[in-house]
Amino acid sequence: MTTTRRWTSTAGALAALTLAAGAFALDCPAPPVQANKDWETQVRAEVGKIGPVSGAQLETRVRSVTRDLMIRLPGADRVYLEQMMFAAYCSALRADRTLAESAKARLILEYRRELRASLASAPAAPPAPPAPPTPPTPPRR
């Protein structure tokens, strides 16, 4: 094989591998369209604390973050919270250049399983406190 042919074959193989690697990149959903921007910021900050962990450590962190978010965001329903948390975790994993795509895929599957279990077992959020009573309007003279 000539040097030119070997170079062309190597370049073609590298290009194919690069394209194949890009095809398997983690595809993350966007946060829900109706997302409250303040809630989205809180969710991203809390979910960012979970990190690329697995097993018991993942379970503990997901349960803790889920409980904290349900208390802080009592108006968010579970499906909405799940979508926001999943989008935030997936985006953080996708941005992590230290993990292989196969590791990211495994971590996202574990996270989804733990998130659903955590949301299913979490107690209902306490109702929002009632608004303070409106003072009576003084009579007009």
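Extension gain, VAL79-SER54: 0.36 nm per intervening residue step, less the Cα-Cα distance, totals 6.7 nm. Positive contributions from Lys and Arg (+1) and negative ones from Asp and Glu (-1), summed over other residues with Cβ under 14 Å from the Cβ of ASP27, come out at +2.
What FRET efficiency do you get for ASP38 and SER64 if R0 is 25 Å and r is their Cβ-Cβ distance, rounded to the nearest 0.05? Once the sixth-power term is evaluated, E becomes 0.75.
Computed from the coordinates by the stated procedures, all read-outs in this text should not be read as laboratory data. Here the structure is a predicted model, which is why all the values come from computation and not from measurement. Methodologically, a virtual Cβ is constructed for each residue, glycine included, from the backbone with ideal geometry; neighbour enumeration extends over all protein chains shown.
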